[in-house]
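Bear in mind that the values in this text are calculations on the coordinates, not laboratory data. Keep in mind that this is a model prediction, so the values were computed, not measured. Backbone-built Cβ (ideal geometry, glycine too); neighbour counts: all protein chains shown.
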Amino acid sequence: MRDQWYADHRDLVKWATLLHVAQTHGIGTIVQVACYRPDAFAQHKLSVDGMEVDIPGAVWEHFRNVHAIQRLTERTGIAIQVLDDLYCQPRNAYYTRIARRIAEPREHPWVVFLDPDTGIEPGNASLNHVLEAEVDQVFEAMLLGDMLVFYQHARHTSTWQDDTKAQFARAIKRADGIQVYTGPSLAGDVAFFTVMK
């Protein structure tokens, strides 16, 4: 997840999906694995008659704060945790840390949300993607009753949702119970895949 993408139409579909999944299954906690890569906003300025002026920090904090989503807890009663560990190389160390946190003993199930920039690897993966093996690692670490939700941005094919569903099923080694959420009137270029452990 990048700061610059926070709070667009896709986030409306994303958080509507997550809240629906949590409420439907009676789960009181959503854990966002943010795959977080912060942006350097200091480079952005306003121009006032040709003179550069800094954008106030309060504006950045309001519109570009990955933790701001936690305010939904007050409105919904569903706890939201953002795992904002920096997403960087080596990837295996990042997902090992995430898997350990997800596997910690707890009394209640979680909705575990994998939130890479564009989705599952298309063949040539970058930090914009999550690898099939990483999806499997997170799924394996989850406790029984947890829900996995996975973000996917549209690919340049007409079958991208079916292709992603098949790839997701392959990653978790399970084809049953996967549901696909979309918001075609808001952001038809994203889908969310869910499955219960």
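Quick notes
- The stretch 60-197 shape via C-alpha gyration tensor axes, a/c threshold 1.5: rounded
- Of GLY123, GLY183, GLY77, the residue with the greatest mean-square motion in the GNM of the chain, using alpha carbon springs below 10 Å, is GLY123.
- Helix 132-141 and the longest principal axis of the C-alpha atoms of the chain enclose an angle of approximately 70°.
- Stretchable slack from ASP189 to GLU74, in nm (0.36 nm times residue separation minus alpha-carbon distance): 38.5 nm
- Taking packing as the residue-averaged number of other Cβ atoms within 10 angstrom, the listed peptides 17-29, 169-181 run from highest to lowest as 17-29, 169-181.
- Neighbour counts of C-beta atoms inside 10 Å place VAL149, VAL48, VAL33 in the sequence VAL48, VAL149, VAL33, starting with the fewest.
- Cα-based helix-to-principal-axis angle, 9-24 vs the chain, degrees rounded to 10: 40
- 0 to 90° range, to nearest 10: angle between helix 160-172 axis and the chain longest Cα axis: 60
- Residues GLU52, GLU121, GLU140, GLU134, sorted so that the one with the fewest Cβ neighbours within 10 Å comes first: GLU52, GLU140, GLU121, GLU134
- Straight-distance crosslink candidates among lysines, where the alpha carbon sits under 25 Å from LYS14 and sequence neighbours closer than 8 are dropped: LYS165, LYS173, LYS197
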